[in-house]
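> Starting off with a structure, shown below.
The values are calculated or read from the model by the stated rules, or taken from the named source; none is laboratory data. These figures come from a predicted structure and were not determined experimentally. Cβ atoms come from the backbone with ideal geometry, glycine included; neighbour counts cover every protein chain shown. Heads up: the accessible areas ignore ligands, DNA and RNA and are worked out on the full protein's heavy atoms, side chains in. Shrake-Rupley method; radii C 1.70, N 1.55, O 1.52, S 1.80 Å.
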Amino acid sequence: QVQLVESGGGLVQAGGSLSLSCAASGRTFSSYSMGWFRQAPGKEREFVAAISRSGGSTYYADSVKGRSTISRDNAKNTVDLQMNSLKPEDTAIYYCAARIFRDYATTAPAYGYWGQGTQLTVSS
């Protein structure tokens with residue numbers, strides 16, 4: 001089992017940048033592929049980015065592609081999401097998720113472990 005704790009959320013002006021971090025504890029972190037999801041008020045949880053167990057493969061939602069970078073440090077048991085050129089529509093609770101498979105996934109049910117989330121608010 002793995003426990004996930006997100007941090008780094010906050011209030012940012014449109015056009016700004018922010019880095020979200022997820023710290024994992026429990027079983028070997030490198031056994032899990034990782035993902036970031038977000039959920040805005042009144043909307044379903046949506047995929048943002050994912051990374052394979054080794055960190056060699058990444059995938060992004062079209063909505064953040066080109067202005068976000070997901071990375072992981074298996075020695076530190078962390079996965080980060082750097083977001084640039086933030087927009088008001090990026091406002092949401094951001095969740096870190098883990099799955100015990102080599103390949104990443106883009107759907108929420110594919111992940112078995114979730115953090116509590118961190119709020120990101122982008123003001124216009």
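> Looking at Gly42, Gly8, Gly66 in this structure, which one is touching a strand residue (DSSP E or B) at 6+ places or on another chain (Cβ under 7 Å) and on the phi > 0 side of the Ramachandran plot? I'd like the intermediate steps shown before the answer.
Working: Gly42 fails: touching a strand residue (DSSP E or B) at 6+ places or on another chain (Cβ under 7 Å); Gly66 fails: touching a strand residue (DSSP E or B) at 6+ places or on another chain (Cβ under 7 Å).
Checking each option against the conditions leaves just Gly8.
> Right, something else. Quick one: which residue in Ser71, Ser52 is in contact (Cβ under 8 Å) with a residue 12 or more places away in the chain, open to solvent by less than 30 Å² (accessible area, probe 1.4 Å) and not hydrophobic (A, V, I, L, M, F, W, C)? Outline the logic, then answer.
On the way: Ser71 fails: open to solvent by less than 30 Å² (accessible area, probe 1.4 Å).
Exactly one residue qualifies, and that residue is Ser52.
> Same structure, new question: Among the residues in the stretch 28-38, are any in contact with a strand residue (DSSP E or B) (Cβ under 8 Å, 6 or more places away or on another chain) and more than 14 Å from Ala98 (Cβ to Cβ)?
Here is the first cut: in the stretch 28-38, the ones in contact with a strand residue (DSSP E or B) (Cβ under 8 Å, 6 or more places away or on another chain) are 29, 32-38.
Within this subset, residues satisfying the condition of being more than 14 Å from Ala98 (Cβ to Cβ) are 38.
Yes, because at least one residue in the stretch 28-38 is in contact with a strand residue (DSSP E or B) (Cβ under 8 Å, 6 or more places away or on another chain) and more than 14 Å from Ala98 (Cβ to Cβ).
> Please enumerate the residues belonging to the stretch 23-40 that are open to solvent by 30 Å² or more (accessible area, probe 1.4 Å) and in contact (Cβ under 8 Å) with a residue 24 or more places away in the chain.
Taking the stretch 23-40 first, the residues open to solvent by 30 Å² or more (accessible area, probe 1.4 Å) are 23, 25-28, 30-31, 39.
Answer for the stretch 23-40, where residues must be open to solvent by 30 Å² or more (accessible area, probe 1.4 Å) and in contact (Cβ under 8 Å) with a residue 24 or more places away in the chain: Ala23, Ser25, Gly26, Arg27, Ser30, Ser31, Gln39.
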